[in-house]
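Novice: Quick one: this structure, given as structure tokens, is what I'll be asking you about.
The values are calculated or read from the model by the stated rules, or taken from the named source; none is laboratory data. Being a predicted model, the structure only gives us computed values, none of them experimental. Positions of Cβ are generated from backbone atoms using ideal geometry, with glycine treated the same way; all protein chains shown enter the neighbour counts.
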Amino acid sequence: MLNQEPCQQISRKTADPRERAVRGAAACGGSFARVGSIPWYADISLLGIDFVGIFIQFTLLVVSLSVHEAAHAWSADKLGDPTARTLGRVTLNPAAHVDPIGTILFPLLAMASNLPLIGWAKPVPVGIQHLRGNWRQKFMFIAAAGPASNVLMALAGAAVLWIVSGGPPLQVAQGLLGQILFSFVQLNLLLAVFNMVPVPPLDGGNVLAGLVSGPIAEALDRMRPYGILILYALMFLGVFSRVIYPVVLALEDLLL
């Protein structure tokens, strides 16, 4: 099962600088920032590249993708398919899930240059012949497990951020830990929402495939080889900025 992951920058626009103490970090790159402050590592840069910020964002991304893929593998194993366990994918170890191009090269390029690149983690293989009964429904649950794990991570990060902040996080000036937690929440919300776009090979496409049948299911199967091209087309047409990012920011406001 293919599971493409996003690496496009998402920036937070403050409604009122006096009330919004935390500004949005880039979802896959960029620097942490807070109103009226300069990060302590701001001078550790070369040619305008914030290496410390990139390191932090990249680490958050790898952790989030590893949990996402492990959730796919764990759910497949629980639903009767031993393929992922046999291949060592039922683990939180990033080495089992990292794809050299999609998880390392493309994200780092996006972080350093703001290029609109879509990355991915190593897909978790699912042997549908092992899914007894209604395999389409079980495959749907396996697909949904990845975005669900991102939602849980966002909830956990938001809870810790509230504790660290001692008040509404978006109204309290944050230190470095608070900014990292904010970025972690925002990244996982973005991963959850992006992956639920109903276009194969995204998880949302696989979830939709489990809900439909007949001609619609066949159309989704025919669309699968062209999914990445469709995603880039949607990105360049501005669909993500008009649809996905507002949803992410609305969820962020709800949590923080």
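Novice: Given the residues A71, A95, which is the only one that is in a helix (DSSP H, G or I), at pLDDT 95 or above and in contact with a Gly (Cβ under 8 Å, 6 or more places away or on another chain)?
Specialist: Values: A95 fails: in contact with a Gly (Cβ under 8 Å, 6 or more places away or on another chain).
It is A71.
Novice: If you go through region 177-212 one residue at a time, how many are free of Cβ contacts under 8 Å to residues at least 60 places away in the same chain and aromatic (F, W, Y)?
Specialist: 0
Novice: Which one is nearest to V52 (Cα to Cα), of the residues in region 120-135 that are under 18 Å from the mean Cα position of the chain (by Cα), assigned to a loop (DSSP other than H, G, I, E, B) and not basic (K, R)?
Specialist: Within region 120-135, the match that is nearest to V52 (Cα to Cα) is A121.
Novice: Regarding region 155-171, can at least one residue be identified that is buried (at least 17 other Cβ atoms within 10 Å of the Cβ), in contact (Cβ under 8 Å) with a residue 24 or more places away in the chain and touching a Ser or Thr at 6+ places or on another chain (Cβ under 7 Å)?
Specialist: no
Novice: Just need a number here: residues in region 198-240 that are within 22 Å of the chain's Cα centre (by Cα), part of a helix (DSSP H, G or I) and aliphatic (A, V, I, L, M).
Specialist: Going through region 198-240 one residue at a time, the tally reaches 11.
Novice: Exactly one of (1) within 14 Å of the chain's Cα centre (by Cα); (2) farther than 17 Å from N206 by Cβ; (3) crowded, with 20+ Cβ neighbours inside 10 Å is unmet by S149. Its number?
Specialist: (2)
Novice: Scanning region 101-131 for residues that are touching a Lys or Arg at 6+ places or on another chain (Cβ under 9 Å) and within 22 Å of L229 (Cβ to Cβ), which turns out surrounded by the most Cβ atoms within 10 Å (Cβ to Cβ)?
Specialist: For region 101-131, the residue satisfying everything is T103.
Novice: Pairs only if they're at least six apart or on different chains, beta carbon under 8 angstrom, first in region 102-125 and without any contact (Cβ under 8 Å) to a residue 40 or more places away in the chain, second in a helix (DSSP H, G or I); list them, first residue then second.
Specialist: From residues that are without any contact (Cβ under 8 Å) to a residue 40 or more places away in the chain, the pairs are L115/L109.
Novice: Need the failing condition index for N188 against (1) surrounded by fewer than 14 Cβ atoms within 10 Å (Cβ to Cβ); (2) modelled with pLDDT of 95 or more, just the number.
Specialist: If we test N188 against (1) surrounded by fewer than 14 Cβ atoms within 10 Å (Cβ to Cβ); (2) modelled with pLDDT of 95 or more, just (1) comes out false.
Novice: Here's another thing I want to ask about it. I'm checking my understanding of the structure. Among residues of region 48-68 that are over 14 Å from the mean Cα position of the chain (by Cα) and either crowded, with 21+ Cβ neighbours inside 10 Å or assigned to a helix (DSSP H, G or I) (or both), which one is modelled with the lowest pLDDT?
Specialist: Within region 48-68, the match that is modelled with the lowest pLDDT is D50.
Novice: With respect to F194, is the statement that it is of a type outside the set (D, E, K, R), at pLDDT 90 or above and part of a helix (DSSP H, G or I) true?
Specialist: When the stated conditions are applied, F194 passes them.
Novice: A follow-up question, please. Those residues that are among the aliphatic types (A, V, I, L, M) and part of a helix (DSSP H, G or I), I need them from region 98-119; list them, please.
Specialist: Step one: list which residues in region 98-119 are among the aliphatic types (A, V, I, L, M), which gives 98, 101, 104-105, 108-112, 115, 117-118.
Once the filter is applied, which keeps residues that are among the aliphatic types (A, V, I, L, M) and part of a helix (DSSP H, G or I), region 98-119 yields I101, I104, L105, L108, L109, A110, M111, A112.
Novice: As an exercise: evaluate G210 against (1) buried (at least 18 other Cβ atoms within 10 Å of the Cβ); (2) in contact with a Gly (Cβ under 7 Å, 6 or more places away or on another chain) and give the number of the one condition it does not meet.
Specialist: If we test G210 against (1) buried (at least 18 other Cβ atoms within 10 Å of the Cβ); (2) in contact with a Gly (Cβ under 7 Å, 6 or more places away or on another chain), just (2) comes out false.
Novice: Still on this model: In this structure, does N195 turn out to be in contact with a Phe, Trp or Tyr (Cβ under 8 Å, 6 or more places away or on another chain), closer than 28 Å to V67 by Cβ and of a type outside the set (A, V, I, L, M)?
Specialist: Here the answer is no, as N195 does not meet what is asked.
Novice: While we're looking at this one, here's another question. Which residue out of L191, L202, L211 is touching a His at 6+ places or on another chain (Cβ under 7 Å) and closer than 27 Å to K138 by Cβ?
Specialist: Criteria check complete, one pass: L191.
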